[in-house]
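Take a look at the structure below.
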Amino acid sequence: MPASYAYLGPEGTFTEVALRTLPEAATRELIPYVSVQSALDAVRTGEAEAAFVPIENSVEGGITTTLDELVAGQPLMIYREVLLSITFALLVRPGIKLSDIKTVTAHPAAQPQVRNWLRANLPDALWESAASNADGARLVQEGRYDAAFAGEFAAARYGLEALETEIHDAENAQTRFVLVGRPARPAAPSGADKTSVVLWQRADHPGGLRDLLGEFATRGINLMLLQSRPTGAGIGNYCFCVDAEGHISDRRMAEALMGLKRLCLQVRFLGSYPRADVGVADVRPPFMGTSDEEFGAAADWVARCQDGRF
């Protein structure tokens, strides 16, 4: 039997479409799961080699369900990411007209991306969330809702019609998906990489977040995502999910992570992996004094001073 990849299902989700863009997906059994949590748990229990789930969109930012699952529980690691342009269709059962629609459904992450369209075209429709956009289409097929926002490609799968297409409030909206597996050695750096970590402060104090971010800033490391998530320990207790440019094998990134490990109550390493938004392995040069060569030269100088060879 081929190794399996779990993904947020059912069949016909944007997640499945994005997953099938990975070359290795052709050699894996692709198994839909009903939720992000169950897909990631399949990896933790060994039922699946990896899970493919949404983690961020360009309209609302981080997908909190995925971030919270990566923050808590048995550690997992990100190995790949995929960007997919997103536009929605309004899927209905045959014969349904716009004036007939009283209830609509989709994944919660879809609502901010169609909110203005919904207000302009279906201002009185009741919104209820579904486990995924394709699951919303399935619920419409079953007659539980009048319409669902999903990919137009899901219409045929669920015997529905696309009443409206190209629905989006923001031009060029994208969703980022990640391939998540059990912890192992990160892939070799590509030259255009991203490192993801979760940070817990030792205590809440003035300038605490600035101190953590300073470990990146002083080494010329650009942050690509910073999102706070509640720890569950009470109001005001947060951890921070961070995506930063670079690979853990880069001297400046390794030193930043060592500094964070020293400052933080806990640091969870979520992986170093190739960036999906760079066509070739070519990123802007680091700030003066932050290249691997300059870090190496500085370390050699300190060693010579310790040996009395300065």
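The values are calculated or read from the model by the stated rules, or taken from the named source; none is laboratory data. Since we're looking at a predicted model, the values are computed, not measured. Glycine gets a Cβ as well: all are built from the backbone with ideal geometry, and neighbour counts include every protein chain shown. With ligands, DNA and RNA removed, areas are computed over all heavy atoms of the protein, side chains included. Shrake-Rupley method; radii C 1.70, N 1.55, O 1.52, S 1.80 Å.
Pairing the Cα long axis of helix 292-306 with the longest principal axis of the chain, what angle in degrees results, from 0 to 90 and rounded to the nearest 10?
Roughly 30 degrees between the two axes.
Determine the percent antiparallel among the DSSP beta bridges restricted to the chain, to the nearest 5.
75 percent
Can you pull out the chymotrypsin sites (Phe, Trp or Tyr not before Pro) in the stretch 144-228 whose DSSP state is coil and whose Cβ has at most 16 other Cβ atoms within 10 Å? Intermediate values should be presented prior to the final figure.
Working: sites: TYR145, PHE149, PHE153, TYR158, PHE177, TRP200, PHE216; in loops: TYR145, PHE153, TYR158.
Loop-located and lightly packed - PHE153.
Quick one: plug the Kirkwood hydrodynamic radius of the stretch 133-280 (C-alpha pairs) into Stokes-Einstein at 4 °C, 1.567 mPa s, and report D in µm²/s. Intermediate results must be reported in sequence, preceding the final value.
Numbers: Rh = 18.5 Å.
D = 70 µm²/s.
Return one whole number: the accessible area per residue of the stretch 1-90 in Å², for a 1.4 Å probe.
Working: 3480 Å² over 90 residues.
In whole numbers, the stretch 1-90 has 39 Å² accessible per residue.
If you count the DSSP beta bridges with both ends in the stretch 1-111, what percent of them are antiparallel, to the nearest 5?
On the way: 2 of 10 bridges.
Antiparallel bridges make up about 20 percent of those DSSP assigns within the stretch 1-111.
Can you work out the Karplus-derived ³J(HN,Hα) for every residue in the stretch 20-33? Use 6.51 cos²θ - 1.76 cosθ + 1.60 with θ = phi - 60°, whole Hz, and x for glycine or proline.
6, 7, 7, x, 6, 5, 5, 9, 10, 7, 9, 10, x, 10
Given the convex hull of the Cα atoms of the chain, what is a quarter of its surface area in nm²? It would help to have the intermediate numbers written out before the result.
Working: hull surface 79.4 nm².
With the hull built on Cα positions only, its mean projection is 19.8 nm².
Considering Cα pairs under 8 angstrom that are at least six residues apart, work out the relative contact order of the stretch 193-264 and quote it in whole percent.
Numbers: 101 pairs, mean separation 31.7, N = 72.
Rounded, it is 44 percent for the stretch 193-264.
Measuring from the lowest to the highest alpha carbon on each principal axis, how far does the stretch 37-171 reach, largest first, in angstroms?
Cα extents, longest axis first: 48, 29, 22 Å.
Could you tell me how many cubic angstrom of Cα convex hull volume the stretch 1-90 has per residue?
On the way: hull volume 9.4 nm³, N = 90.
Output value, Cα hull per residue: 105 Å³.
Would you compute, from DSSP H runs of 4+ residues alone, the mean residue ellipticity of the chain at 222 nm, taking -39500 (n - 2.57) per run and dividing by the full residue count, rounded to the nearest 500?
Computed ellipticity for the chain at 222 nm equals -8000 deg cm²/dmol.
Give me the percent of the accessible area of the chain that comes from carbon and sulfur atoms, probe 1.4 Å, all protein chains in place.
On the way: 7800 of 14980 Å².
Heavy-atom surface of the chain belonging to carbon and sulfur, 1.4 Å probe: 52 percent.
Could you tell me the ratio Rg/Rh of the stretch 128-200? Both radii from Cα atoms, Rh via Kirkwood. Can you show the working numbers first?
On the way: Rg = 18.3 Å, Rh = 16.0 Å.
So for the stretch 128-200, dividing Rg by the Kirkwood Rh gives 1.15.
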